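A quick write-up on the structure given underneath.
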Amino acid sequence: MVSYQRLKTSDDYYGSEPELKLWRAVLGLAADDAVKNKYKFQEGRSAVDQARSWFLHPTSNFFTVCYYAGYDPGYIQYKMKKAIKKQEEKEHD
């Protein structure tokens with residue numbers, strides 16, 4: 001596994017850098033898509049399925065986004081697995 005150096009986060013600044021905010025927004029929108037079922041596209045596969053797959057089966061893009069957002073990819077994946085599992089349980093009720 002690749003070792004990531006911790007990036008400075010908004011906790012390290014009075015105000016966070018615009019690039020950091022951008023990457024965190026990208027990660028946040030993907031997380032929202034993973035636990036909501038609002039969109040449908042590409043042969044019936046929903047954005048939810050795609051977002052969940054992005055977190056559950058991460059590619060280099062996932063690791064890159066986490067790196068630029070200043071977050072540990074392993075921790076983000078762990079938290080999202082829990083959130084996705086909880087959402088799937090709600091969907092089956």
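Numerical summary
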read-out	value
Residues (touching a Phe, Trp or Tyr at 6+ places or on another chain (Cβ under 8 Å), at pLDDT 90 or above and closer than 11 Å to M80 by Cα) located in region 28-63	A30, A31, W54, F55
Looking only at region 54-63, and only at residues there that are in contact with a helix residue (DSSP H, G or I) (Cβ under 9 Å, 6 or more places away or on another chain) and either under 11 Å from L27 (Cα atoms) or of a type in the set (S, T, N, Q) (or both), the one that is surrounded by the fewest Cβ atoms within 10 Å (Cβ to Cβ)	N61
Within region 64-93, considering residues that are over 13 Å from the mean Cα position of the chain (by Cα) and at pLDDT 80 or above, the one farthest from V26 (Cα to Cα)	E89
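The values are calculated or read from the model by the stated rules, or taken from the named source; none is laboratory data. The model shown is predicted, which means the values in this text are computed figures rather than measured ones. We place every Cβ from the backbone using ideal geometry, glycine too, and count neighbours over all the protein chains shown.
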